[in-house]
Amino acid sequence: MRPPLNYLRTFLCPARITPRLLAVYCFFFLTAITFLAVRMHLKSYVTAALYGIPALVNAAPSAASTSQPSTPSSSGPASDAHFHEYTIKAENITAKIIPYGARLTSLLVPDRDGDFQDVVVGYDDPKYYLHDSETNRTFFGATVGRYANRIKNGTFSIDGHDYHIPENENGGKDTLHGGFIGYDMRNWTVTAHSDASVTFTLLDQGFENFPGDVISHATFSVSTERSAENPKGLPQLTTKLVSLSLTEKTPIMLANHIYWSLNAFQNENVLKDTTLQLPLSKRFIGGDSILIPTGEILDVDTAFEGALDFTEAKLIGKDIEKTTGLCGGGCTGYDTCWITDRPAAYSASDSVVPSVRLASDKTGISLDVATNQGAIQIYTCNGQNGTIATKESQAKRNKAKDGNSGATHVNKYGCVVIETEDWIDGINNPQWGRDQIFGPDDGPVVNFATYQFGTF
């Protein structure tokens, strides 16, 4: 019998290299490299592995080839499972969410008469969101990212290195909501689901040429439990967007992009029945003719004759005629980033504070939004032109209530978008001092918001 050492010597120093032996060498080499890589990056990957294994298995292929416009199939073929509606319920609140875009498609809450109304703009047929992506790309109800809102020229710098991502708006002058195929067009994976909560997970493997890998979890939950933050036990939707940078420093700023209609389309628009209040927003970020920040921080009480001053509640339409040019060249309306300035009593810059109040006199439904984010983007649906039909299900509710189906289409000023997020394009305005670049050694990036519904 040959000694074991002779077998090892023959294996390591064979007389000739055969294809089979070469394959064995490659296997051991790759195994060793993988083991070392895991050991080196264990700190960054362990959380992602624990909470995102299903997402890793079903992740879309790398988006290195998606720098040009294409259909959502480029992010992995969409199946019926991606449009399955997950329903979560609590007393007096029912929400439906789909994996495609981690998207809120319906939210039922009672009006002043106790009748349930769907206050979220969208489609009854979940598969129609795919058609929307290929045509209007409204972002109805979606989770947007890796970086919400606009990035000037699709460029930014990290530690002296310049990065360029695809510009998908204004003829190549900026990147909007993550590029041609953002998180709104991705097939998220369901990683948790209960009667009152659902969580979706997405592994972003350098999508749209952003540096590094990021894993994100989007959790939606509903509750009517009494608490210090909800002493009356009102119907409440809570959203948590949690992201981890896994491999490289990168910009991260996710946001919910929910379109609200608190009058449930019983009126043609929101101008004369819906009030808006931004109690902590005395400043806003100035923008140019295509809504790219100029770097200026302006006061709401002086700009545009005070039209942006919503520190006290007022009708959305009260001063809207004064806003020509505010939402872009030749545009009248709001598409603006208001800064949320926390009172001195809130010591933490990311403390959860009441930031928005929306209320419709038509239905008596009110919405109070509290968030840990530093800004609020409000968009009054200036770009809607009446070509998208409203939900047939809500039209039936309206007709059953008073014999009138209400607005048949989503009209200009027919809804309001509330985006809880940080200061837009902060990565290109370092003078603001906003921390929007995160690496493997940083903790999770969390966008937390509660949406509390009442009646009056």
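What follows draws every value from the coordinates through simple rules; no lab data is involved. Because the structure is a prediction, the values reported are computed rather than measured. Here Cβ is always computed from backbone atoms with ideal geometry, including for glycine, and neighbour counts include all displayed protein chains.
Data for the structure
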| item | result |
| --- | --- |
| Whole-angstrom gap from the range 108-160 to the range 214-237, using each part's C-alpha centre | 20 |
| Dipole of the range 63-455 [Lys/Arg +1, Asp/Glu -1 at C-beta], most positive-end residue of 384, 151, 202 | 384 |
| Highest average packing first - 297-304, 428-435, 368-375, Cβ atoms within 10 Å | 368-375, 297-304, 428-435 |
| Loop-located chymotrypsin sites (Phe, Trp or Tyr not before Pro) in the range 327-405 whose Cβ has at most 13 other Cβ within 10 Å (DSSP) | 346 |
| Prolate/oblate/rounded label for the range 325-381 (Cα gyration tensor, a/c 1.5) | oblate |
| Among 334, 358, 302 - extreme Cα towards positive end, dipole of the range 203-359, charges at beta-carbon | 358 |
| Cα gyration tensor shape for the range 340-448, rounded if a/c is under 1.5, else prolate or oblate | prolate |
| Peptides ranked, highest mean first, by Cβ atoms within 10 Å: ranges 282-291, 104-113, 410-419 | 410-419, 104-113, 282-291 |
| Lys, Arg +1 and Asp, Glu -1 on Cβ, resulting dipole of the range 63-455 about Cα centre, debye, nearest 20 | 780 |
| For the range 168-238: relative contact order, % (alpha-carbon pairs under 8 angstrom, 6 or more apart) | 20 |
| Highest to lowest packing among 202-215, 150-163, scored as the average C-beta count within 10 Å | 202-215, 150-163 |
| Restraint check, 232/318; 362/391; 282/322, Cα-Cα greater than 20 Å | 232/318 |
| Tensor-based shape of the range 180-297 (alpha-carbon gyration tensor, a/c under 1.5 rounded, otherwise prolate or oblate) | oblate |
